[in-house]
1. Which of the residues spanning the range 134-158 are closer than 24 Å to Phe114 by Cα and open to solvent by 60 Å² or more (accessible area, probe 1.4 Å)?
2. Across the range 89-124, which residue is surrounded by the most Cβ atoms within 10 Å (Cβ to Cβ) among those that are charged (D, E, K, R) and part of a helix (DSSP H, G or I)?
3. From the set of residues in the range 1-57 that are open to solvent by less than 100 Å² (accessible area, probe 1.4 Å) and among the basic types (Lys, Arg), which is nearest to the chain's Cα centre (by Cα)?
4. Taking only pairs six or more apart or across chains, which ones have beta-carbon atoms under 6 Å, a first residue in the range 86-109 that is in contact (Cβ under 8 Å) with a residue 24 or more places away in the chain, and a second residue that is among the hydroxyl-bearing types (Ser, Thr, Tyr) and open to solvent by 20 Å² or more (accessible area, probe 1.4 Å)?
5. Across the range 206-259, what is the total count of residues that are within 14 Å of the chain's Cα centre (by Cα) and among the aromatic types (Phe, Trp, Tyr)?
6. Is it the case, given these coordinates, that Thr236 is open to solvent by less than 10 Å² (accessible area, probe 1.4 Å), under 30 Å from Leu38 (Cβ atoms) and among the hydroxyl-bearing types (Ser, Thr, Tyr)?
7. Surrounded by fewer than 16 Cβ atoms within 10 Å (Cβ to Cβ) and closer than 30 Å to Arg163 by Cα: does that describe Leu215?
8. Which one is nearest to Phe102 (Cα to Cα) among residues in the range 161-203 that are without any contact (Cβ under 8 Å) to a residue 12 or more places away in the chain and part of a loop (DSSP other than H, G, I, E, B)?
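The values are calculated or read from the model by the stated rules, or taken from the named source; none is laboratory data. Not measured: the values here are computed from a predicted model. Methodologically, a virtual Cβ is constructed for each residue, glycine included, from the backbone with ideal geometry; neighbour enumeration extends over all protein chains shown. Only protein heavy atoms, including side chains, enter the accessible area calculation; ligands, DNA and RNA are left aside. Shrake-Rupley method; radii C 1.70, N 1.55, O 1.52, S 1.80 Å.
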Amino acid sequence: MKSKNSLRRSYAVSKFFTYFFLILGALVMIFPFAWMILTSSKTVPESMQIPPTVLPEQVMFDNFKDAIASLPFGSLYWNTILMVFFRVVCAVLFSSMAGYAFAKLKFRGKKLLFGIVLVQMALPSQIFIIPQYQMVAKMGMANTVFALVFPGLVSAFGVFFLRQTYLGIPDEVGEAAYLDGCNKWQTFYKIMFPLTGTSVAALTIFTAVFAYGDLMWPLVVNSDLKMMTMSSGLSTLKGQFSTNFPVLMAGSLLAMLPMIVLYLIFQRQFVEGIAGTGGK
């Protein structure tokens, strides 16, 4: 009896600490978003007051009106949607084909080319900004949607990610398709690619999230405010010497709405995609 009671007591203690740290971690992650919402409804003096005030004395909805008046949100939303859409399409299409080739096909220079992909993953993305900008400028495509999509035409992470997925598929599956009369291309898009649905969903989520939050590249390649994305457009609200933080927080809250809506709609796919990938 004592051993059972001690086991129950230790289980209850471990369960308590587990939930305690999970709740603590959730509060730490939620705090910035809660602070952003509260700041968006404050006045400028309240937002800069020391010690800071948590709740505003009076809710200021004019901050949202000022944010909408300061930025062309329609153009920023549209540019962001196009950038995310085309980056996701390119990442899934080209990474699937390249990942399948590196995993299942035999050709000369295979290890060398895959090594180049790994090197690109290891290097920081900032070192590619100057050569990528020079390429876009020489093509005369600056201040266009194509310029926003250009760095995402090929995803080194996506190639590596889907290669690992294809390696997990038995070779007998492709051999059976070949015996049934499929060529290499038909084996890829009729047999192999449909088996990577979970990994493709996860790659779509990662690519969309990273593209939506990309700040450096859109700010460099597109100087026209109407051709910027949400993240680069919001950066223009920050002043050189002083910043209207309530308006900036109101604009940030408006910028978050599309991703929040998408997550609420596709919550199950988000969770299944990431959980399934972790299972592999």
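1. Of the residues in the range 134-158, the ones closer than 24 Å to Phe114 by Cα are 135, 149-158.
Within the range 134-158, Met135, Val154, Phe157 meet the criteria.
2. Within the range 89-124, the subset charged (D, E, K, R) is 104, 106, 108, 110-111.
If we keep only those that are part of a helix (DSSP H, G or I) as well, we get 104, 110-111.
Details: Lys104: 18, Lys110: 12, Lys111: 9.
Only one residue tops the list, namely Lys104.
3. Lys42
4. Arg87/Thr207; Val88/Thr204; Val88/Thr207; Ala91/Ser155; Ala91/Thr207; Ser95/Ser155
5. Of the residues in the range 206-259, 3 are within 14 Å of the chain's Cα centre (by Cα) and among the aromatic types (Phe, Trp, Tyr).
6. Values: open to solvent by less than 10 Å² (accessible area, probe 1.4 Å): no; under 30 Å from Leu38 (Cβ atoms): yes; among the hydroxyl-bearing types (Ser, Thr, Tyr): yes.
No, not satisfied.
7. On the way: surrounded by fewer than 16 Cβ atoms within 10 Å (Cβ to Cβ): yes; closer than 30 Å to Arg163 by Cα: yes.
When the stated conditions are applied, Leu215 passes them.
8. Pro170
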